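I have placed the structure first, in the form of structure tokens, so that the comments after it can refer back to it.
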Amino acid sequence: MNGRAGNRRGPLEGEPAVLAEPPALALHGVTHSYGAVRALVDVDLDVRRHEVVAVVGENGAGKSTLVGVMSGVLVPDAGEVVVDGRETQLTSPGQARGLGIATVFQDLALCEDLDVVENLFLGQEIRFGPLLDEVAMEREAQRLLAQLAVRVPSVRAPVASLSGGQRQAVAIARALLGEPRVLVLDEPTAALGVTQTAEVLTLIERVRDAGFGVVLASHNLTDVQAVADRVVVLRRGRLNGEFDADVAGYEQIVAAITGVAIGPGEGR
Amino acid sequence: MTVLRTPPGSLRWAGRDLGSWPVLGALAVLWLVFQAMNPNFLSADNLVNLALQAAPLGVLTLGVVLVLLVGQIDLSTGAVSGLAAAVVAVGMSQQGWPGWLAVLAAVASGAVVGWGYGWAFTRLGVPSFVLTLAGLLVTLGLQVRVLGSTGSLNLPFESWLVRLMQQAFLPPWLAYLLVALVVAGYLGVRLVERRRRAAAELPVEPWRPVAARAALLAAATLVPTWYLQTNRGVGVSVAVFLGLVLVVDLLLRRTRWGRSVRAVGSNVGSAHRAGFAVRQVYTSAFVACSSLAALGGVMAAGRLAAANQGSGGSDTNLTVIAAAVIGGTSLFGGRGSAWSAPLGVLVVGTISSGLTLLNLDSAPRYIVTGLVLALAVTLDAVGRRRAPVTGR
């Protein structure tokens, strides 16, 4: 995680060029209920290019619901979704993808028996007439993986033979294939060991530095502090604080997550 | 910066992905054993017969491979083939339909059954195991009803279907021409791919393995062709079956449909989120399976010049599933290839033919086939169990 201070482009420190353009994705007053359970209440969230926004909270705080809204899987009961300054509705994952919001779900949505190239292009295969153009897909896969500095034993190895970190990397690379503006990651390190977690966090920084906006839903504060520019805390479906990751202390964020009163801090 | 390292799993994968070698090994052992017990087993005459017997069964197996690839099962292929045999026999000998119409009607009846499976499976969510078991009984009933009171019908010996399936063999020049075309086609595809990969700056396979594999392919096609030519030759039905295998292989490996079939069988949720029309994929697999089963039934009826209540009966439904799994297609979906059909059916046919030559009844045939199947399923299950352990 070297050179992070130099790469920082969070809006709080400010870089006029980035601040001037509208957020790549903004949610205003998003509210969603499952029957009588209010999973999200009046939530606001901005994501700009070149930044990692972490969404943290207890289990059941609404992280997954928020990811669902951003990915188009859930249509919220109320609230605005603004993509690149235009208000819109995200009604399906395909449509969200078309608007430049790519999501990597917690289960990665890979097919274990298919190889890396096949998984990267799953559902969006390059064709040469009626036949699949394996050479073009493999070239594109090599290019993408090299760009992200992801190493796999072979791009023709089935995903079942890869480590958890490599699978996560393949899923992230696949999300980036459609040239999105915002990448939404749902608990990308939840199932990983120490080394693989470090690899994935490095990859997230690389994605951020390539100009993408990244939303990182996680309950692992160590990972969040290592990689995020801003931390947004959800508690019982409501926003309970927004922090600059470089300034905020661990205890402050924990306090916001658990709801324990804190002194004059960075809370909203 | 940090480089993702190779996991220990890749080694194990290499150990698990043996391809077709275990089947070929088993086949070699079986052939040597049977040849030792009866010197007629490897005679050209017997092998010609073996190939003719295996071809219709192989077409059924090819369909089962497709359904297994999407992670489902079809227990009724034998019954569907029997229904198709009945339809073609009634059409040709009782209704006086032209042969092509009777064959078309038979295959269409199979397609309708498969479409019914696809509809009930995707819309009503009935498990394919029970669904096709019910379908087996229904088609069995239909077969008896179509055949009518006699319960048995003969096909006219002079009809082209019977001639083609019973007595027609490829002329030697055509057999060798096809072999040459297959080998040349293989080399051509490899050369084009090499050139395109080089242009795309991808790693190119060195010359030697390519040449070695082409030579192996040439030997593996030329030697059997020559050996069968010393007797009657390569049956038309065998050529039809192998042609179908080539077509299905191409569809599975090089088209979006084939990719969707393997993706659905591997992880249906992922396939759905990747944008594949999962329902259509399931339905297409069921329709293809039942249509191929019907075609196999037509071929079998032509070969026997008859259809009766026993056509496609007894253990056919299960034998073809055994053949598909023995050939290397996973029962758990997602893994397998069109080539499991000829390989598996060759093993099953070898056991059957070898034990018949030894004048043994069906008891040892069932037992040996069952043991080989158990071995194949065990390899499949062990391979599958290992896979998810690596990684997370």
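The values are calculated or read from the model by the stated rules, or taken from the named source; none is laboratory data. Just so it is clear, the model here is predicted, and its values are computed rather than measured. Every residue, glycine as well, gets a Cβ built from its backbone with ideal geometry; the counts of neighbours run over all protein chains shown. Ligands, DNA and RNA are stripped out before the accessible areas are found, and what is left, the full protein with its side chains, is counted by its heavy atoms. Shrake-Rupley method; radii C 1.70, N 1.55, O 1.52, S 1.80 Å.
Structure notes:
- Ordered from longest to shortest, the equivalent ellipsoid semi-axes for chain A are 31, 21, 18 Å, each the square root of 5 times a Cα gyration tensor eigenvalue.
- For the stretch A:68-151, the set of trypsin sites (Lys or Arg not before Pro) satisfying both a DSSP loop assignment and a count of at most 10 other C-beta atoms within 10 Å is empty.
- Cα→Cβ-extended label distance, 7 Å offset, between B:GLU205 and B:ALA219, nm: 1.7 nm
- Separation of alpha-carbon centers, the stretch A:55-101 and the stretch B:143-166, rounded to whole Å: 63 Å
- Accessible area in square angstrom per residue, the protein assembly as shown, 1.4 angstrom probe: 43 Å²
- Charge dipole magnitude, Cβ of K and R +1, D and E -1 - the protein assembly as shown, Cα centre, debye nearest 20: 1440 debye
- Normalised radius of gyration (Cα atoms, divided by 2.2 N^0.38 Å) for the stretch B:94-169: 1.41.
- Dipole orientation for the protein assembly as shown: of the candidates B:LEU371, B:GLY91, B:VAL112, B:GLY91 has the Cα lying most toward the positive pole (charges on Cβ; Lys, Arg +1; Asp, Glu -1).
- The loop-placed GluC sites (Glu not before Pro) in the stretch B:123-216, going by DSSP, that have at most 13 neighbouring Cβ atoms within 10 Å of their Cβ come out as B:GLU158, B:GLU201.
- Computed FRET value (nearest 0.05) for A:THR88 with A:GLU21, which takes r as the C-beta separation and R₀ as 25 Å: 0.90
- Its alpha carbons considered, the stretch B:169-234 gives a radius of gyration followed by a Dmax of 15.2, 49 Å.
- The slack between B:ALA374 and B:SER20, meaning 0.36 nm per residue of separation minus the straight C-alpha distance, is 125.8 nm.
- For the chain pair B and A, the interface hides roughly 3800 square angstrom of accessible area in total, found with a 1.4 Å probe.
- Each label was represented as a point 7 Å from its Cα along the Cα-to-Cβ direction; for B:LEU360 and A:GLN106 these points are 5.5 nm apart.
- Computed from the Cβ-Cβ distance with R0 of 22 Å, the FRET efficiency linking A:PHE128 to B:ALA184 stands at 0.55.
- Carbon and sulfur %, accessible surface of chain B computed with the full protein complex present, 1.4 Å: 69 percent
- Take the Cα of A:THR195, step 7 Å toward its Cβ, do the same at B:THR150, and the gap between the two points is 7.4 nm.
- Base-10 log of normalised Debye intensity for the protein assembly as shown (one unit scatterer per alpha-carbon) at q = 0.05, 0.07, 0.09, 0.11 Å⁻¹: -0.31, -0.57, -0.84, -1.08
- Rounded to whole numbers, the Karplus 3J(HN,Hα) couplings from phi for the stretch B:242-258 are 5, x, 4, 4, 4, 5, 5, 4, 4, 4, 6, 8, 10, 10, 5, 4, x Hz, using 6.51 cos²θ - 1.76 cosθ + 1.60 with θ = phi - 60°, and x at Gly and Pro.
- Cα centre as origin, Lys/Arg/Asp/Glu Cβ charges: chain A dipole, Debye: 60 debye
- Subtracting the Cα-Cα distance of B:ALA212 and B:VAL29 from their residue separation scaled by 0.36 nm leaves 63.5 nm.
- Centroid-to-centroid separation of the stretch B:55-89 and the stretch A:168-203 [C-alpha atoms, Å]: 44 Å
- Taking the helices alone, the protein assembly as shown has a mean residue ellipticity at 222 nm of -18000 deg cm²/dmol, built from -39,500 (n - 2.57) per DSSP H run of at least 4 residues and averaged over all its residues.
- Positive-end extreme of charge dipole, the stretch B:250-319 - chosen from B:GLY313, B:ALA271, B:LEU295 (charges on Cβ): B:ALA271
- Top of A:ALA36, A:ALA24, A:ALA149 by mean-square fluctuation, Gaussian network on chain A, Cα under 10 Å: A:ALA36
- Using a Förster distance of 22 Å, the FRET efficiency for A:THR222-A:ASP42 (Cβ separation, nearest 0.05): 0.15
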